[in-house]
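Take a look at the structure set out below.
The values are calculated or read from the model by the stated rules, or taken from the named source; none is laboratory data. Since the model is a prediction, treat every value here as computed from it, not as a measurement. Methodologically, a virtual Cβ is constructed for each residue, glycine included, from the backbone with ideal geometry; neighbour enumeration extends over all protein chains shown.
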Amino acid sequence: MRHYFSCLIFFLLGAHALCAGPSLVKLDSGEQLLGDVLPRSTDELLVLRSELLGEIEIPRARVLVIEPKVPPAEVAAAEPKPPKKPPVEAASKAKPAKSEPSPREVVADASKSEERRIIHTLREFKAPDHWSGNLRIGLNLSQGDRRWTETYARGNLEIKPPESPNFYRFSGSYTYRETVRPNGDTFKSTDRYDGKFTYRRTFSENWFFQNALGGRVDKLKGIDHEIQNTVGVGYRYKPSGKFEFLIGGGGGIEDLDTSFEDTRSGFNGVLNVFQEATWRPLNRTSFIQRFNYYWNPDNREQFNYVLSTAVRVRLTDLLGVEFSFNKNFDNDIGDGNARDDAQWRNALVVYF
C-alpha cells in the first residue's frame with residue numbers, strides 16, 4: 001500500500017510539471033514558439049501565451065508538434081535512485097543539457113526565415129515570356145556659356161500573347177532640366193513628359209487594325225497639354241526574323257492647349273501617318289527607327305512630327321546601352337509659333 005501511494009505521488013508531480021510548464025511549439029515553417037498553451041485552444045486554433053509576444057493564435061494546421069519545455073525523461077529522473085557512482089564524479093562526467101532557445105532567439109529565427117522566403121520569391125520572379133520591355137535612364141551635361149544638367153527616363157512595354165492576333169504597347173518618357181544662370185543660380189527650364197498606348201489586332205496575314213492614344217506636356221514649347229486619339233490600318237512586312245517594317249495611317253481627334261493665344265487650342269480633327277522599322281543584325285544588337293506625322297485636315301500648316309532612331313547593345317540579359325537621336329517638330333502651336341527640338345542621347349537600358 002505504501003509503495004502504491006509513493007508511485008501515485010510521483011505520477012501526479014510529473015503530470016503537474018508537464019501541464020503547468022511552458023511548451024515548445026514547432027511550426028511547419030521551421031519556426032519555434034515558447035509559451036503556455038491556454039485552455040481556450042480548440043481543434044482548429046491553438047492559443048499560446050508568450051512572455052515576449054503576448055497571446056498568439058496559431059492555426060492547428062501549421063503546428064507540427066507541441067513539446068514540453070522540460071523533457072519527460074527529466075521529470076521521471078526526479079525519483080531518487082541509488083547512484084552507482086559518487087555524485088561528484090557522476091556530475092563531472094555528465095553531459096550538459098541542451099539549452100532551449102530564448103524568446104528573443106525564437107523571434108530572430110522567425111525573422112530570418114521570413115527574409116529567406118522574400119529573397120527566394122524575388123529570385124524566382126520572372127515576367128511572362130510574351131512580355132518584353134525596357135527602362136532607359138540617361139544624363140546629359142552641357143558646359144560653357146550655357147550650363148545645364150538634363151535627366152531623363154523612358155520606358156517601353158510590349159505584350160504579344162502567344163497564338164493571339166492582339167498586340168499591346170505602353171511607352172512614355174520624362175525629362176527634367178536644370179539650367180545655371182550667369183550669376184550661378186539654377187532654375188528649372190525643362191519639364192516635359194509624354195505617354196502613349198497602342199493596340200493592334202491582325203485581321204489578315206500582314207494587315208492589322210490600330211488604335212493609338214497619346215498625350216504630352218512640354219513646358220519648353222509652351223504646350224500645356226496635347227491629347228490625340230487615332231484609329232487606322234497598317235501593313236507589316238517581315239521578310240526574315242531579323243527585320244520588320246510597318247507602315248500605316250488613320251485619323252481621329254486632338255485636344256490641344258498652349259500658352260499662346262487660342263488660335264489653335266481646343267478640339268480639332270487630325271490625320272496620321274506612322275512608320276516603324278526594326279533590324280536585329282546580331283542577337284544582342286538592334287536598330288530601331290520610328291516616325292509619326294500628324295496634321296490638321298482643315299489647315300495643313302498645323303502639323304507636327306516625331307522622328308527617332310536608336311541603336312541598342314545588350315550587354316547582359318538585364319543591362320545594355322542605347323545611343324539615339326530624337327527630333328520633335330511642331331509647325332504651329334498657336335499664333336504660327338513653330339518649335340523644333342532635336343536631341344542626341346545616350347542611356348543605360350534595363351531590360352525586363
Within segment 175-198, tally of residues that are under 26 Å from ASP255 (Cβ atoms) and either loosely packed, with under 15 Cβ neighbours inside 10 Å or outside the structural domain of ASN272 (by TED's automatic domain parsing) (or both): 2
Checklist (1) touching an Asp or Glu at 6+ places or on another chain (Cβ under 9 Å); (2) modelled with pLDDT under 80 applied to ALA73, failing item: (1)
Hey, ARG154 under 28 Å from ASP340 (Cα atoms), in contact with an Asp or Glu (Cβ under 6 Å, 6 or more places away or on another chain) and not small (Gly, Ala, Ser) or not: no
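To keep it simple, each residue is scored yes or no on (1) under 27 Å from SER308 (Cβ atoms); (2) under 28 Å from the mean Cα position of the chain (by Cα); (3) assigned to a loop (DSSP other than H, G, I, E, B).
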{"position": "GLU150", "(1), (2), (3)": "yes, yes, no"}
{"position": "ARG154", "(1), (2), (3)": "yes, yes, no"}
{"position": "SER164", "(1), (2), (3)": "no, yes, yes"}
{"position": "GLY172", "(1), (2), (3)": "yes, yes, no"}
{"position": "ARG177", "(1), (2), (3)": "yes, yes, no"}
{"position": "PHE187", "(1), (2), (3)": "no, no, no"}
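Conditions (1) in contact (Cβ under 8 Å) with a residue 24 or more places away in the chain; (2) among the polar types (S, T, N, Q); (3) more than 23 Å from TYR199 (Cβ to Cβ); (4) outside the structural domain of LYS188 (by TED's automatic domain parsing), marked per residue:
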{"site": "ASP218", "(1), (2), (3), (4)": "yes, no, yes, no"}
{"site": "GLY234", "(1), (2), (3), (4)": "yes, no, no, no"}
{"site": "GLU244", "(1), (2), (3), (4)": "yes, no, no, no"}
{"site": "ASP257", "(1), (2), (3), (4)": "yes, no, yes, no"}
{"site": "THR285", "(1), (2), (3), (4)": "yes, yes, yes, no"}
{"site": "ASN296", "(1), (2), (3), (4)": "yes, yes, yes, no"}
{"site": "VAL313", "(1), (2), (3), (4)": "yes, no, yes, no"}
{"site": "GLY320", "(1), (2), (3), (4)": "yes, no, yes, no"}
Residue ID - surrounded by the most Cβ atoms within 10 Å (Cβ to Cβ), chosen from residues in segment 316-352 that are at pLDDT below 95 and among the acidic types (Asp, Glu): ASP330
Residue match in segment 282-293 (condition: buried (at least 17 other Cβ atoms within 10 Å of the Cβ) and hydroxyl-bearing (Ser, Thr, Tyr)): yes
Conditions (1) loosely packed, with under 15 Cβ neighbours inside 10 Å; (2) in a loop (DSSP other than H, G, I, E, B); (3) aliphatic (A, V, I, L, M); number of the one not met by VAL313: (2)
